[in-house]
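Before any comments, here is the structure.
The values are calculated or read from the model by the stated rules, or taken from the named source; none is laboratory data. Just so we're clear, the structure is a prediction, and the values are computed from it rather than from any experiment. Cβ placement follows ideal geometry from the backbone for every residue including glycine, while neighbour counts extend to all protein chains displayed. Areas reflect the complete protein model, heavy atoms only, side chains present, ligands, DNA and RNA absent. Shrake-Rupley method; radii C 1.70, N 1.55, O 1.52, S 1.80 Å.
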Amino acid sequence: MSLTSRPSDNYAPLYFLASLGAGGLSVTFFMWLMHWIPHPGRTVPVFEDIAAAFSSGSVLTQGMIVLAMAAIAFFAFLNIRSLIWNLGRYSAWRKSDAYAKFAQTNAQSQIMALPLALGMTVNAAFILGLVFVPGLWSVIEYLFPLAIIAFVAIGVLAFRLYAEFLGRVLTEGGFNMAANNNFGQILPAFAFAMTGVGLAAPAALSSVQATAAIGLMLSGFFFITALVIAAVALVLGVRSMLENGVGVETAPTLMILIPITTILGILLLRQEHGLGEHFAAHAEAAGTMMMLTQMIAFQVLFGILGFFALARLGYAKRFLFGRDNSAGAYALVCPGVGFAVLMQFWINKGLVGAGLLDKFSAPYWALTAIALTSQFAMVWLVFHLNRRHFGAARAAAAVPAE
């Protein structure tokens, strides 16, 4: 790479994760509004709830609302801007010789970052509408069918892209097991899970039983799809890592199950709520608490595994602070964001919901501080990576992820 180029000039589809990470951060700030201000009669806060809380709240509450709304708008803007940039670069790259070579490797499945980012952008747009559009709730039932159509379209795209990869390796062979020494093949499960959680939103929020039922059924399909792909890829990845060791550049994928757990956890919570509202199948608070507790434990386990692997391999020294760059470094944002979001649900829907913790008590804020630490660490990481990959030209060579 010449001294006048930037790492992002050497395009890779994992740059879609830059868009994904920004969208995820907008969700982390929405968690503040969802869990810290009242929104009676609604599962999620809307503009009117936020305005009421601002007008009657303390200076501290008002400051929190302003910061949350500003951050949601800013990171949603980054999400959309990055998605547009990626779509343009991806379109040109797909016609190149580099893509033809790429499409014959294990890394072909990285294309699934495209529908993953699209799904996140639709979710971010929904949050923007809730937070900034007055009266949105009065027409929300008209929007749910459109949301279902959008996520089904993204799901179809995801299956088409995954079929290109899976069809090739199943009919022609050529899957390199030695190069599968990571959890990169779980990325398609992430994309299908994102589609599923989007389809679960109408199941939880719609007052029309038919709309909720469609959301329940479609989200259930994508839930199972994500689980099957993740389970198979997990086994294959562990087998290769035990034989060949973990690939240095692809080591961040060891923590990909953290954000997937968050997405599937939210999907299940939305399904539980929809079943309770429309089919009298109400979930017990203790059961919800235990499900979220087990998911947090799962995330902590894989977080420890990933942290020690990255530390032993010297990943940060090389790809975050050294002269090398990899688009795959953006995969580090997803675990931190996913953990922060699920922590908020665990604290508020799990512990508080079960009566184990008093809301806004000292223990409540002590646990919330863990979520906030993870959240703001990811804010720093997004800015840091954006400077490295999209800022001024660097002399370092960008290493394409495998």
| query | In Å², what does the accessible area per residue of segment 291-385 work out to with a 1.4 Å probe? | reply | 44 Å²
| message | Which residues among segment 8-34 fall inside the zone where the amide N is under 14 Å from a point 7 Å beyond the Cα of Tyr364, along Cα→Cβ? | response | 32-34
| remark: Full extension between Ala51 and Arg81 adds, at 0.36 nm per residue less the Cα distance, a length in nm of 8.0 nm
| request: Report the relative contact order of segment 219-372, percent, no decimals, based on alpha-carbon pairs under 8 angstrom and at least 6 residues apart. | output: 31 percent
| said: Could you work out the relative contact order of the chain? I mean the mean sequence separation of Cα pairs under 8 Å and 6+ apart, divided by the number of residues, in percent. | reply: 23 percent
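Rounded to the nearest percent, how much of the accessible area of the chain (1.4 Å probe, protein heavy atoms only) is carbon and sulfur?
70 percent
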| PRE reach from Gln62 (point 7 Å along Cα→Cβ): which of segment 130-155 fall under 20 Å by backbone N? | 132
| request: Using a 1.4 Å probe and ignoring any ligands, DNA or RNA, find the accessible area of Phe308 and quote it in Å² to the nearest 10. | output: 130 Å²
| Accessible area per residue of segment 88-230 at 1.4 Å probe, in Å²? | 40 Å²
| note | Sorted by chain and then number, the residues having a modelled amide H within less than 5 Å of the amide H of Ala12, at least 5 places away or on another chain, are none
| task | Identify, among Phe192, Ala285, Gly274, the residue whose Cα sits farthest towards the positive end of the charge dipole of segment 135-286, taking +1 on the Cβ of Lys and Arg and -1 on the Cβ of Asp and Glu, with the dipole about the Cα centre. | result | Phe192
| query | Roughly what angle does helix 209-244 make with the longest principal axis of the chain, taking Cα atoms, 0 to 90 degrees, to the nearest 10? | reply | 40 degrees
| Roughly how many Å² of Met31 are accessible to a 1.4 Å probe, to the nearest 10? | 10 Å²
| Taking only Cα atoms, what is the 0 to 90° angle, nearest 10, from helix 47-56's long axis to the longest principal axis of the chain? | 60 degrees
| query | So what is the calculated 222 nm ellipticity per residue for the chain, using -39500 (n - 2.57) for each DSSP H run with n of 4 or more, over all residues, to the nearest 500 deg cm²/dmol? | reply | -24000 deg cm²/dmol
| task | Can you sort His389, His282, His39, His273 by 1.4 Å-probe accessible area, starting with the largest? | result | His282, His273, His39, His389
| task | Would you kindly derive the ³J(HN,Hα) couplings of segment 154-165 from the backbone phi angles with the Karplus curve 6.51 cos²θ - 1.76 cosθ + 1.60 (θ = phi - 60°), listing them in order in whole Hz, with x for Gly and Pro? | result | 5, x, 4, 4, 4, 5, 5, 5, 5, 5, 4, 6
| query | If ligands, DNA and RNA are left out, what is the accessible area of Phe307 with a 1.4 Å probe, given in Å² to the nearest 10? | reply | 130 Å²
| task | Go through Asp358, Asp324, Asp49, Asp97 and list them by solvent-accessible area, largest first, probe radius 1.4 Å. | result | Asp97, Asp358, Asp324, Asp49
